[in-house]
Amino acid sequence: MIKINQITKFILGALALILLVWIIWEVRSVGIYFGISVVIALMGRPLMRLFSKIPLGNKHMPNWTQAMLTLFSFIAIISLLFKIFIPIINSQIKIIASLDVEKLLTAFDAPLERLELWAASMNLEGMDQESIRSNLADKIDVSILGDVLSTVFSSMGNLVIAVFSVLFITFFLLKDGNIVNNMVDALTPDKYLSNVHRILSETKDLLSRYFLGIALQVSIITSIVSIGLTIVGIPNALLIGLISGIINIIPYLGPVIGGSIGITLGLLSNVHLDLETELLPLLLKVSAVFATAQLTDNFILQPVIFSKSVKAHPLEIFLVIMIAGTLAGIGGMILAVPFYTIMRIVAKEFFQGYKVVQGLTKDL
């Protein structure tokens, strides 16, 4: 029979595990801050190496100075982006807020008349022009913009805390490069330390390249869309390009979402145009811009970023992303490649004897 003290240990262990899971869930925001900080620190590694090579007399720049300069570089870039985009965002908000729904609906008069005639010939009810206009007017609610802005401003306090937390954690991750290693060492049995050190080193290198590649991907997509929409004549093209570039982080699905948002914003800025002679040709031009961006991303950027940076086959990456999306939605799709990369590195160290692992990790 199982001894009483064994049962007691089991119950206490289970309770401790439940308590730990509860605590992690309650402070999940801290985990999110730490995760963001890790990503920024990984992207900052090349800058840290660059600053470490700058001589100061007979000595090298201390770690805390390198970390501060790296952090200030990120802050400067983000501040510059805010300075550029805040006026553009304000302009786009004014365009949407001043949108005349009735004027917008008049652009659809001719198509709606044809639709009404077709519905009448097919004996379809509820397809008359007035019913359709009424339904469209109900769906288009510009006042929702005010609710969105109110939510944003009410969240400013939490945003300040989040920014401070991320900056604070990132500074120490950059300054004390081995802080994560030391934390892992404390939880790792001595006989596995060498394996874990190799895992951490390789993970940092691969993920650093991956996140820098993602930043390059966002920049290129933003540039393609912004330049294309500017040539077409869409107002605030830079803002639409940035939105598309950021949403493009979502693998495969991101370009579709970004394109839909971009086309919508572009058309809302030109509702005064005639639908058939001007608006539809403009729609085709805008769609061509987003199609060019998506083709560039699918055939050039993604193979380079996903395959080259993490050393995995494009089909392998595609299947991993699709499985992650099925299991965990959009969040799973975004985290799929970094998580899969870590899993492959761990498998290479501890399960190299299996043929499946050898096949998946042969390029690492």
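The values are calculated or read from the model by the stated rules, or taken from the named source; none is laboratory data. The structure displayed is predicted, hence computed values, not measured ones. Glycine also receives a Cβ, built like all others from the backbone with ideal geometry; neighbour counts cover every protein chain displayed. Calculation scope for accessible area: heavy atoms of the full protein, side chains included, ligands and nucleic acids excluded. Shrake-Rupley method; radii C 1.70, N 1.55, O 1.52, S 1.80 Å.
Quick look at the values:
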{"quantity": "Within the stretch 176-200, tally of residues that are open to solvent by 60 Å² or more (accessible area, probe 1.4 Å) and closer than 29 Å to Met68 by Cα", "calculated": "6"}
{"quantity": "Pair list, Cβ under 6 Å, 6 or more apart: the stretch 340-354 residue aromatic (Phe, Trp, Tyr), other residue open to solvent by less than 40 Å² (accessible area, probe 1.4 Å)", "calculated": "Tyr340/Val320; Phe351/Val357"}
{"quantity": "Candidates Gly259, Gly266, filtered to the one that is surrounded by 14 or more Cβ atoms within 10 Å (Cβ to Cβ), touching a helix residue (DSSP H, G or I) at 6+ places or on another chain (Cβ under 8 Å), part of a helix (DSSP H, G or I) and at pLDDT below 80", "calculated": "Gly266"}
{"quantity": "Selection within the stretch 335-364 - β-branched (Val, Ile, Thr), under 25 Å from Leu216 (Cα atoms) and either surrounded by fewer than 20 Cβ atoms within 10 Å (Cβ to Cβ) or touching a strand residue (DSSP E or B) at 6+ places or on another chain (Cβ under 7 Å) (or both)", "calculated": "Ile342"}
{"quantity": "Residue identified as in contact with a Lys or Arg (Cβ under 9 Å, 6 or more places away or on another chain) and part of a helix (DSSP H, G or I) among Ala14, Ala67", "calculated": "Ala67"}
{"quantity": "Failed item in (1) farther than 20 Å from Leu42 by Cβ; (2) in a helix (DSSP H, G or I), with Gly353 passing the rest", "calculated": "(2)"}
{"quantity": "Every pair of residues 6+ apart whose Cβ atoms lie under 6 Å, when the first sits in the stretch 222-243 and is not hydrophobic (A, V, I, L, M, F, W, C) while the second is not in a helix (DSSP H, G or I)", "calculated": "Pro235/Ser269"}
{"quantity": "Any hit, the stretch 295-314, residues being open to solvent by 50 Å² or more (accessible area, probe 1.4 Å), closer than 30 Å to Leu239 by Cβ, part of a helix (DSSP H, G or I) and of a type in the set (Asp, Glu)", "calculated": "no"}
